[in-house]
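Written below as structure tokens is the structure these notes are about.
The values are calculated or read from the model by the stated rules, or taken from the named source; none is laboratory data. From a predicted model like this one, the values you see are computed outputs, not experimental measurements. Cβ: placed from backbone, ideal geometry, glycine included. Neighbour counts: every protein chain shown.
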Amino acid sequence: MDHIRTHNTHHARKSADHLCVITDGGVSAIDRVSQRNIRVRLGAEHHDQLFCQAHGLKRLLPGKSIDLHKDKKWRTLICSITKNPETSMTPDAARKNSPEMKPRKKKKRQFRQLFARSLQRLARTRSGSAEFSGPLRSVAILAQEKLGDCVLLTPLVRNLRQAFPDLEIHLITFSRASANFFMNDPQVTAVHLVKKQPRRYFREVLSRKFDLLFNTKDHPSTWFLLQSALIRARFKVGHNNPFHEGLYDRLLDTEFHAHMAVKNCALLPLLGVTADTEACRPSLPAMPVSNEIWQLLSRLAEDIRPIGVNISAGEPNRLWTEAKWRALLERFPGERFVVLSGPDDLDAKRRLEEQCPNAVASPPTRNLYEASCIVAKLRLLVTPDTSMVHVASATGTPVAGLYREAPQDISRFGPYAIPYEIVISPTGEVSGIKPESVADAVRRLMARAIGREA
């Protein structure tokens, strides 16, 4: 793997801050401390090509250099490491905290708020405290974009179907991932993709009127607010937020840090449906399962249940390094492990299976449902990805979750109604967690499982 190197270019006509970044087989830096930081934070943590793609950086080619004096993005990342080595941030944190990113995020937030305020002035004012009445024959639910969000929406869909067997449940989706997740769910009447199928969307959604609309986001979102205004519904429901006031007939009062599965199910009492803890447990719609996965499930059922490790994550700052996964497996030589991954991490999965004698070779999973079938057979799951935390919650599997220093990630998107251990990074990124900390969490979960069996 190419490493990233920085060095001074000591030319009389070049400024002192004129640095170059070069990829080659070694690492050299301005000083030893910076060298260590650059190796750890850039070289060892990221595959070069994937790193560049993830951060929108110019691709580094072997033997080529980039002038940091002219390239702002690279300069921001390198300077964040070399300027103050003892407190420097990882590249992803540097990018998010860079002078370029903060105004951009602030502008997006300001635009969303301005858009919400404009709708509040232009749209017909709704009370926010009305009670739902009349027939309930159709509902349009605005589904959030990520896979994990989809899993947390399943208890609402399931409970609506159980309480109202003839109800038309329409999922309004804003990403291909969420549309595909619900496409084969027998409890859903129809799935509508807003951004990719405008003509069909107008014909099947905007040209009709629903009995009920539910916006699942508890904060202002331009697309969700726009569709809330465009979709015709007799009664509109959203979560209580200053930017939602006047736009919905009923605003649901829930704690900001309440679990999202519970927040989604907060619609049910309004319709006269009781929702206890178990009723809000996530589930997964059935999807095709390959013969290879069925064979693996058969093998896993014959012996002591293994421990699972999911090495993939939806964002770079949630990834744990391959070396740390290997170190974790090496700490439990007497246990069997199943390595799960997404398509982009299959090579790392294979390497772990080859290098760790206690790793069970397993076929790649093609969808989240296949992954859930495996998770259901595990003694416990270790994962940095919240989607797989929700899968563990759905299957009742104990989980050790690796989290950044973000309280809302834990309270709103954490494990639900299962035994769990939370390991929080001291650096604000999952890569800062030490293998021993995760190993301790695994031991505690295993001890609790033995206590329950006794």
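Quick look at the values:
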{"item": "Entirely in the range 323-407, the helices (runs of 4 or more DSSP H) that have 2 or more residues that are farther than 20 Å from Ser178 by Cα and of a type in the set (A, V, I, L, M)", "result": "346-355, 368-375"}
{"item": "Single match in Gly342, Gly308 (criterion: in the same structural domain as Ala449 (by TED's automatic domain parsing), touching a residue at least 40 places away in the same chain (Cβ under 8 Å), within 23 Å of Val423 (Cα to Cα) and surrounded by 15 or more Cβ atoms within 10 Å (Cβ to Cβ))", "result": "Gly308"}
{"item": "Residue in the range 331-340 that is acidic (Asp, Glu), in contact with a helix residue (DSSP H, G or I) (Cβ under 8 Å, 6 or more places away or on another chain) and within 23 Å of Pro435 (Cβ to Cβ) present", "result": "no"}
{"item": "The range 185-216 - residue that is part of a loop (DSSP other than H, G, I, E, B) and of a type in the set (S, T, N, Q) and, of those, modelled with the lowest pLDDT", "result": "Gln197"}
{"item": "Filter result (within 22 Å of Leu136 (Cα to Cα), aliphatic (A, V, I, L, M) and surrounded by 20 or more Cβ atoms within 10 Å (Cβ to Cβ)) within the range 206-237", "result": "Leu212, Leu213, Ile231, Val237"}
{"item": "All positions within the range 166-186 that are closer than 19 Å to Ala286 by Cβ and loosely packed, with under 15 Cβ neighbours inside 10 Å", "result": "Asn184, Pro186"}
{"item": "Filter result for Leu271 (surrounded by fewer than 16 Cβ atoms within 10 Å (Cβ to Cβ), outside the structural domain of Asp409 (by TED's automatic domain parsing) and in contact (Cβ under 8 Å) with a residue 12 or more places away in the chain)", "result": "no"}
{"item": "Hits in the range 433-450 - residues which are surrounded by 16 or more Cβ atoms within 10 Å (Cβ to Cβ), under 23 Å from Asn317 (Cβ atoms) and in contact (Cβ under 8 Å) with a residue 60 or more places away in the chain", "result": "Ile433, Pro435, Val438, Ala439, Val442"}
{"item": "Residue list for the range 368-391, filter: within 14 Å of Val442 (Cα to Cα) and surrounded by fewer than 24 Cβ atoms within 10 Å (Cβ to Cβ)", "result": "Leu378, Arg379"}
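A quick yes/no check of all residues on (1) farther than 14 Å from Leu271 by Cβ; (2) touching an Asp or Glu at 6+ places or on another chain (Cβ under 9 Å):
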residue	(1), (2)
Arg112	yes, no
Arg124	yes, no
Arg137	no, yes
Lys146	yes, no
Val157	no, yes
Phe164	no, no
